[in-house]
1. I want to check the label-to-label distance for residue 74 and residue 86. Put each point 7 Å from Cα in the C-beta direction and report it in nm to one decimal.
2. Per DSSP H run of at least 4 residues, take -39500 (n - 2.57); add these up for the chain, divide by its residues and hand me the 222 nm value, nearest 500 deg cm²/dmol.
3. For the chain, what's the relative contact order in percent, using C-alpha pairs closer than 8 Å and at least 6 residues apart?
4. By counting other Cβ atoms within 10 Å of each Cβ, how are 77, 62 ranked from fewest to most?
5. Determine the equivalent ellipsoid of segment 12-83 by diagonalising the alpha-carbon gyration tensor, then write out the semi-axes as square roots of 5 times the eigenvalues, largest first, rounded to whole Å.
6. Treat the count of other C-beta atoms within 10 Å as a stand-in for reagent exposure and order 41, 30 from fewest to most.
7. Pick from 74, 35, 17 the residue whose mean-square fluctuation is largest in a GNM of the chain, springs joining Cα atoms under 10 Å.
8. Could you please rank 76, 27, placing first whichever residue has the fewest other Cβ atoms within 10 Å of its Cβ?
C-alpha cells in the first residue's frame, strides 16, 4: 500500500486543536514537531548529556507541524480532514 505524507503547519497553541480534530476523525498516529517542546527539553533535561545529535538540534528551529500518513487513495478522508481543520 502506498501512503501520502500530509504535513499540517500550525502554532504551538494550535497543536491540541489540530490533534483533537485528527483523533475525532479516527487518525491516531501522527508526528508532532514543535521547536518550543525541544527548547523546553534542552532547558530542563536531567542527567549529563555530552552530545545531542545534529538532526535533533535541527528541531530547535523547526516550524511547528503535525504529520500524518494516509492511504494514497484516501481522497474522501483528506477532504473531511481539510473541512475539519478549517473550523
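The numbers here are math on the coordinates, done by the rules we state, and not lab data. Predicted, not measured: the structure shown is a model, and the values here were computed from it. Cβ: placed from backbone, ideal geometry, glycine included. Neighbour counts: every protein chain shown.
1. 2.0
2. -11500 deg cm²/dmol
3. Answer for the chain is 53 percent.
4. Fewest to most other Cβ atoms nearby, the residues stand as 62, 77.
5. The three semi-axes for segment 12-83 are 31, 13, 10 Å.
6. Fewest-to-most ranking of 41, 30: 41, 30.
7. Top of the fluctuation ranking is 74.
8. Lowest count first: 76, 27.
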